[in-house]
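Working notes for the structure below.
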Amino acid sequence: MLSANKEKLQSFLMGTNQFVIPFFQRSYVWRPDNWSELWDNVNEEFLELESGNQSSEHFIGTIIIKQKETTRVGLLEYDLIDGQQRLTTVCLLLRAFYDVTEDQNLKNWIKNLLVFTDSYGQENIRILHSRVDREYFQNIVLSSENNQTLWDDFKELKASEFEKKLEIENRIKGGYLFFRKKIEQEVEKDKIRSFITIILEKLPVIHMALSKDDDVQQIFDTINSLGVKLTTAELLKNLLYSNQAVINLYDECWYSVFEADEDAIDFWNRDRTSGRIRRTTVELFLYSYLVILEESSVKMEALFKEFKKHLKDKTSTELVSFAKELRDFAKVYQQMPDGENLSEISFVEHEKRFFHVIREFEITTIFPLILYIFKHVNDQSERVRILNVLESYLTRRTVCRLTTKNYNNLFLSLLGTVKKMETITSNGIKTELLKYSEPTSKFPTDDEFKDAFQNTTLVNKYSREILYCIALYQLNNDFTDNSRLNLDGFSVEHMMPKKWRNNWNNLPVGTAENFRDYKLLTLGNLTLVKGKLNSSMRDSSWEKKKESLRIFSTLRQTTDYTTKLDWNEIEMTERANDLYQSAIQIWKR
């Protein structure tokens, strides 16, 4: 390391310094809470300055740079290793001040902070972003006309609408608009110089300059260990593509899949549920891919360390193969139904239904197995049959309330078996599942499945999914105008309410009250309605409640039973059997 000093931001925005964001760095990700924090820091220092406190300052983090070799006279190029988020944000903030001020001398001075002229007389932007953000950043920093058009489209929005638009807008545009609004509403024109002084002189950073021999990967690891949010994907990208044998594959094997456009970036950064923890899509993919490679349990919390261990001592040829295979698996992962694709489905969309089921059942440990199957089974009809077998297995176990604690080892074992199959088939996988006999892994029989419909109580989330799939099955006929359903908006309703004692006096002779309390929680008494019935309707007598059920549900699983004169344990048992008859057609053994 050449040096580590405290520096004012102005020192980075002078002369012919140009900061290049390396290709392996993340895109710009700051959001309104980050922008708001920086704006608060600026305002605090403004108040200190106004009160006469000249020594006050607010430290905002670290900037790490590494000098690059350049052949252009009068240009000092640096790789911006860490600090790109805050330095980019500062430039957006300065640009917003540029567009608001009417003082031409001040405009010219601000412009020289953001753009400089080299020895050839050519203008150069101060920060050269990687491909994903380059166009957006340069449009904001270099174009007054575009900025005004952008601002005109947003400035009249109400506060709540403005905040919503910021969340869906490109982050760089969003940062500019956030600060533009703050300045327009909160800063007096004659105070702009004071604010710019604060930004440049009162928000110092620790400036670390690396020599050409410093190990950038080690710096990344150190930053990560100190709690800076570098993602597994960012760390892996840097580790893999710092190797000379692989670096030429970056465009083909990484950028084209993970960073090609905003849709790709949004897809891989989207949050997913993994157990009780939120993970990004790219984390779940990398976890699945590494499990496939290792055929052993992988710790999600230490995923990058697991990758480092896997790649350690790999030859150049092996690293090239790894990069290409990672790309190929990632492309397959992108094609697996997810997110918005699952919002509304029909029964015959088998692949979507499978992913809908495992999403609602919150089973993520099966993803490595599914990813491998999607990669190696090209016959879609056979792949659908495989997914139907696995869906039946998981659904039966869920309805029978069999443990999920062994699923990690179970699916690892099944993955190992599948990888050894000469041809992966549904019959081969079903044969393997039927071998299991322990409660931790068995494939429930029809009798066990039927008994569970009569006697098992499930959490509402699982009951809702079971009833939803049965509703899709019952809509799957030539006489239905629309066979697609969206699960959103459906809630589980007890046909006989939990508070039945208020208005229900139809307890059959010989039936204990505690038996009814239990029985009404089983599937035979549960149905799907749109929205929620109000409490008076929910707990009213059967004569009144069945009218409400007719209004709030058009599903056969409800309407077929609203003609019943009475609703008690006998009807619940009959309906549970009816539901089972549908279920046995959906989830065969």
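The values are calculated or read from the model by the stated rules, or taken from the named source; none is laboratory data. Not measured: the values here are computed from a predicted model. Ideal geometry is used to build each Cβ from the backbone, glycine not excepted, and the neighbour counts take in all protein chains shown.
Quick one: which residue in ILE584, ILE551, ILE570 is assigned to a helix (DSSP H, G or I), modelled with pLDDT of 85 or more and either hydroxyl-bearing (Ser, Thr, Tyr) or over 22 Å from GLU465 (Cβ atoms) (or both)? Walk me through it before giving the result.
Numbers: ILE584 fails: either hydroxyl-bearing (Ser, Thr, Tyr) or over 22 Å from GLU465 (Cβ atoms) (or both); ILE551 fails: modelled with pLDDT of 85 or more.
Result: ILE570 is the single residue among ILE584, ILE551, ILE570 that is assigned to a helix (DSSP H, G or I), modelled with pLDDT of 85 or more and either hydroxyl-bearing (Ser, Thr, Tyr) or over 22 Å from GLU465 (Cβ atoms) (or both).
So how many residues does region 393-426 have that are under 28 Å from PHE453 (Cα atoms) and not in a helix (DSSP H, G or I)?
Counting residues in region 393-426 that are under 28 Å from PHE453 (Cα atoms) and not in a helix (DSSP H, G or I) gives 7.
Out of curiosity, is GLU7 surrounded by 14 or more Cβ atoms within 10 Å (Cβ to Cβ) and out of contact with any helix residue (DSSP H, G or I) (no Cβ under 8 Å at 6 or more places or on another chain)?
Details: surrounded by 14 or more Cβ atoms within 10 Å (Cβ to Cβ): yes; out of contact with any helix residue (DSSP H, G or I) (no Cβ under 8 Å at 6 or more places or on another chain): yes.
So GLU7 fits the description; yes.
Out of the residues in region 130-148 meeting the condition of being touching a residue at least 60 places away in the same chain (Cβ under 8 Å) and in contact with a strand residue (DSSP E or B) (Cβ under 9 Å, 6 or more places away or on another chain), tell me which one is surrounded by the most Cβ atoms within 10 Å (Cβ to Cβ).
PHE137
Select, from ARG278, ARG272, the only residue that is without any contact (Cβ under 8 Å) to a residue 40 or more places away in the chain and either among the aliphatic types (A, V, I, L, M) or over 22 Å from ASP251 (Cα atoms) (or both).
The unique qualifying residue is ARG278.
In region 544-580, how many residues are in contact (Cβ under 8 Å) with a residue 24 or more places away in the chain and among the polar types (S, T, N, Q)?
6
Here's the yes/no breakdown for (1) more than 18 Å from GLN581 (Cβ to Cβ); (2) modelled with pLDDT of 90 or more; (3) assigned by TED's automatic domain parsing to the domain that holds HIS350; (4) touching a Pro at 6+ places or on another chain (Cβ under 6 Å):
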{"position": "LYS461", "(1), (2), (3), (4)": "yes, yes, no, no"}
{"position": "ALA471", "(1), (2), (3), (4)": "no, yes, no, no"}
{"position": "THR480", "(1), (2), (3), (4)": "yes, no, no, no"}
{"position": "HIS494", "(1), (2), (3), (4)": "yes, yes, no, no"}
{"position": "GLY510", "(1), (2), (3), (4)": "yes, no, no, no"}
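Mind listing whichever residues of region 137-179 are under 30 Å from ASP251 (Cα atoms), over 23 Å from the mean Cα position of the chain (by Cα) and modelled with pLDDT of 85 or more?
Within region 137-179, PHE137, GLN138, ASN139, ILE140, VAL141, LEU142, TYR176 qualify.
Which ones in region 288-302 are part of a helix (DSSP H, G or I), within 22 Å of ILE373 (Cβ to Cβ) and either touching a strand residue (DSSP E or B) at 6+ places or on another chain (Cβ under 8 Å) or not aromatic (Phe, Trp, Tyr) (or both)?
Restricting attention to region 288-302, the residues satisfying the condition of being part of a helix (DSSP H, G or I) are 288-294, 300-302.
With the extra rule that they be within 22 Å of ILE373 (Cβ to Cβ), the set shrinks to 288-294, 300.
Answer for region 288-302, where residues must be part of a helix (DSSP H, G or I), within 22 Å of ILE373 (Cβ to Cβ) and either touching a strand residue (DSSP E or B) at 6+ places or on another chain (Cβ under 8 Å) or not aromatic (Phe, Trp, Tyr) (or both): SER288, LEU290, VAL291, ILE292, LEU293, GLU294, MET300.
Out of all the residues in region 436-451, is one or more part of a loop (DSSP other than H, G, I, E, B), over 34 Å from the mean Cα position of the chain (by Cα), surrounded by fewer than 16 Cβ atoms within 10 Å (Cβ to Cβ) and not hydroxyl-bearing (Ser, Thr, Tyr)?
For region 436-451, residues part of a loop (DSSP other than H, G, I, E, B), over 34 Å from the mean Cα position of the chain (by Cα), surrounded by fewer than 16 Cβ atoms within 10 Å (Cβ to Cβ) and not hydroxyl-bearing (Ser, Thr, Tyr): present.
Considering only residues of region 503-533 that are among the polar types (S, T, N, Q) and outside any helix (DSSP H, G or I), which is surrounded by the fewest Cβ atoms within 10 Å (Cβ to Cβ)? Can you show your working first?
Here is the first cut: in region 503-533, the ones among the polar types (S, T, N, Q) are 503, 505-506, 511, 514, 522, 525, 527.
If we keep only those that are outside any helix (DSSP H, G or I) too, we end up with 503, 505-506, 511, 522, 527.
Values: ASN503: 14, ASN505: 7, ASN506: 14, THR511: 14, THR522: 21, THR527: 26.
Step by step, filter region 503-533, then rank; the result is ASN505.
Conditions first: (1) at positive phi; (2) under 29 Å from the mean Cα position of the chain (by Cα). GLY74 passes all but one, so which condition is the exception?
The one condition GLY74 does not meet is (2).
Taking region 313-353, which residues are part of a helix (DSSP H, G or I), crowded, with 16+ Cβ neighbours inside 10 Å and in contact (Cβ under 8 Å) with a residue 60 or more places away in the chain?
Correct list: LEU319, VAL320, PHE322, ALA323, LEU326, ARG327, ALA330, ARG353.
Can you find a residue that is under 25 Å from ASN170 (Cα atoms) and in the same structural domain as ILE172 (by TED's automatic domain parsing) anywhere in region 46-54? Quick ask: steps written out before the conclusion?
The first filter runs over region 46-54 and keeps only residues under 25 Å from ASN170 (Cα atoms), leaving none.
No; the residues of region 46-54 include none that is under 25 Å from ASN170 (Cα atoms) and in the same structural domain as ILE172 (by TED's automatic domain parsing).
When you scan region 120-129, how many residues do you find that are surrounded by fewer than 20 Cβ atoms within 10 Å (Cβ to Cβ) and touching a residue at least 60 places away in the same chain (Cβ under 8 Å)? If you could, list the steps in order and put the result at the bottom.
Keep residues of region 120-129 that are surrounded by fewer than 20 Cβ atoms within 10 Å (Cβ to Cβ), which gives 120-125, 128.
Next cut, touching a residue at least 60 places away in the same chain (Cβ under 8 Å) only: 124-125, 128.
So the count comes out to 3.
Just give me the residues in region 543-588 being among the aromatic types (Phe, Trp, Tyr) and either under 26 Å from ASN388 (Cβ atoms) or under 40 Å from the mean Cα position of the chain (by Cα) (or both), in sequence order.
Going through region 543-588, the residues among the aromatic types (Phe, Trp, Tyr) turn out to be 552, 561, 567, 580, 587.
The answer is PHE552, TYR580, TRP587.
Could you identify the single residue in SER27, SER55 that is part of a loop (DSSP other than H, G, I, E, B) and over 35 Å from the mean Cα position of the chain (by Cα)? Show your work before the answer.
Values: SER27 fails: over 35 Å from the mean Cα position of the chain (by Cα).
Every option except SER55 fails the conditions.
Just to check your reading of the model, which residue among LEU49, LEU80 is assigned to a helix (DSSP H, G or I) and of a type outside the set (D, E, K, R)? Working first, answer last.
On the way: LEU80 fails: assigned to a helix (DSSP H, G or I).
Exactly one residue qualifies, and that residue is LEU49.
With respect to the numbered conditions (1) at pLDDT below 90; (2) in a helix (DSSP H, G or I); (3) β-branched (Val, Ile, Thr), which one is the sole condition not fulfilled by ILE429?
(1)
On the given criteria, is PHE453 over 28 Å from GLU294 (Cβ atoms) and in contact with a Ser or Thr (Cβ under 9 Å, 6 or more places away or on another chain)?
Taking the combined requirement at face value, the residue satisfies it.
What pairs can you find where one residue is in region 492-515 and closer than 26 Å to ILE466 by Cβ, the other is small (Gly, Ala, Ser) and at pLDDT 90 or above, and their Cβ atoms are less than 6 Å apart, with a gap of 6+ or different chains?
The qualifying pairs are VAL492/SER463.
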